[in-house]
1. Helix hunt in chain B: which complete DSSP H runs extend at least 20 Å axially by C-alpha with mean Kyte-Doolittle at least -0.5?
2. If amide hydrogens are placed 1.01 Å from N in the peptide plane, which non-local residues have theirs closer than 5 Å to the one on A:Gln56?
3. Whose amide H sits under 5 Å from the amide H of B:Ala208, counting only residues 5 or more places off or on another chain, with H placed in the peptide plane?
4. Hey, got the Cα dimensions of the protein assembly as shown along the principal axes, in Å, largest first?
5. May I ask for the angle, rounded to the nearest 10°, between helix A:113-149 and the longest principal axis of chain A, with both axes built from Cα atoms and the value confined to 0 to 90°?
6. Calculate one ³J(HN,Hα) per residue across segment A:63-80 by plugging θ = phi - 60° into the Karplus curve 6.51 cos²θ - 1.76 cosθ + 1.60, and present them in order as whole Hz with x for glycine and proline.
7. Under the definition of Cα pairs under 8 Å and six or more residues apart, what whole-number percent is the relative contact order of chain B?
8. Counting only protein chains, not ligands or nucleic acids, how are B:Ile47, A:Ile39 ordered by accessible area (probe 1.4 Å), most first?
Amino acid sequence: MTALFASTRAELLRLTKWRVTWLLIAVWLTLNVTFVYVIPYLSYRTGGGGEITDGQSPESLLADMMPTTLAQSLTQGMPLFGGAIMLILGAITVGSGFGWGTWKTVFVQSASRSTAFLGTLVALAVVVVGTVVTTLAVDAGLSVLVAVTEAQPIDWPPATDLAAGVGSGILIFGMWTAAGVLLGTVARSPALAVGLGLVWAMALENLLAAAANLLGGLEPITDVLPGRTAGSLAGSFGGGGTPGVLTILGGGTAGLVLAAYLLAFVVISLTLIRRRDVV
Amino acid sequence: MDDAVHVQDLLVDRGGHPVLRGISFTVPRGSVTGLLGPSGCGKTTLIRAVVGVQVVRAGSVRVLGEPAGSRALRRSVRYMTQAPSIYGDLSVAENARYFARLIGLGPAEAAHAVEQVGLADAADQLVGTLSGGQRTRTSLACALVGRPELLVLDEPTVGLDPVLREELWTTFHRMAADGVTLLVSSHVMDEAGRCDQLLLMREGALLADATPTQIRQRAGSDDLEQAFLRLIRTQGLAA
């Protein structure tokens, strides 16, 4: 336990001193604020109905920005661009260790390969949780600002809804981060891992889903692909019409499938790290 | 037990080819032992076996009384790879603190290691912006954190200017005087004379395991490079 704590502290130092970590979080927060509040608010002020907000009415746009829909606001950007950003974080965190050649010395000095790698995973989990909580705080602040500006009542969602939203956010980001970790481990290179991950997340899943629609009978497979499952979990809080947000699976089923993906990605990565020659 | 490293009949294959062909030697504690030989002779493979990251076909490698690579050795053995293995997008001090934290140590030990390699003035500089020699020294600082019992250095002076090389060798001997055992590989023969003990390798075999003085006497040459060449010829004739 002491060795795992030491590895986690070391990896947290690396992640917090790394400019890339802060840049990725800043990009995510900017995209989240832009697409969840700035564009809908501008559309609301100009009468709504715009293509970018899927033709929503001004009342509907305002309702989606209120504190009461905080769980939806928190999760709706996560399946698509938020997930891609966390995939990049996972891929470069592990891939850069191969790129800089640091894993081999880390593994010599750590209690075991598993301990060193688990320390990295725990540190990434801390970043994921921190990012989701920060996003919640930013969204809460902006929703209150919109409510006050538009003279609307400030009604918060039930604590259970909020907890479910935060848990789902952590699960979505955790799954994508673990996918990045797996790609970084397999590719042993940050660039290749990021490239492969983005091709999958941004293009291949949608192409497979489109092919399944054409061919028929393949939906049971494409419906549970990682990105589409993350979309279903986000969709269980509302926000239909947002790119990446789906209502194919129920929230509970989507959560379980995502947890299975997360666990599988971690176990495969750990197995590869333990068995393969790193030099 | 007085030996820091005890290798017996070590056989290693890589890519289906024999790389180490039945090597046996010991490294006394508190000494600077040079592992010398031309590029490709198996020095790095031997070093990897000593730090416990190399699969061996036969033979035994014991380090500080334990099997090489065993968990008990993780805090007492440090390995500096041939290419600097440090994070280029962190500063010198952050790299040292990272490796200090890995073994449960704090920033004071990290700062001490950075000072030891003469990089205190560049501590806040990003490694990616350093010269090749400075990167090597940063890698060395990360290996020095926490005062290890055995320090295994794979070609630590490659690319360094003569002044820096001199400083590093002085550091190595100071550490040895403090009880640290150093196994230092090099393909530069003029560094051989700086070692207490020499392991001369060629084509996966050990040509000599002796002090520089003994090697000079055995080969009948005051020049270690010439002595090494004579040993190769002698071995070749004997084979």
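1. The answer, listed by residue number, is B:162-177, B:224-238.
2. Close amide H contacts, sequence-distant or interchain: A:Gly49, A:Gly50.
3. Placed amide hydrogens put B:Leu200 under 5 Å from B:Ala208.
4. Here the spans come out as 97, 53, 35 Å, largest first.
5. Roughly 10 degrees between the two axes.
6. Rounded to whole hertz, the list is 4, 6, 9, 7, x, 5, 9, 4, 5, 5, 4, 5, 9, 5, x, 6, x, 9.
7. Normalised by residue count, the contact order of chain B is 25 percent.
8. Sorted descending by solvent-accessible area, the residues read A:Ile39, B:Ile47.
The values are calculated or read from the model by the stated rules, or taken from the named source; none is laboratory data. Predicted, not measured: the structure shown is a model, and the values here were computed from it. Using ideal geometry, Cβ is built from the backbone for each residue, glycine included, and neighbour counts are taken over all protein chains shown. Note: accessible area is taken over every heavy atom of the protein model, side chains too, but ligands, DNA and RNA are not part of it. Shrake-Rupley method; radii C 1.70, N 1.55, O 1.52, S 1.80 Å.
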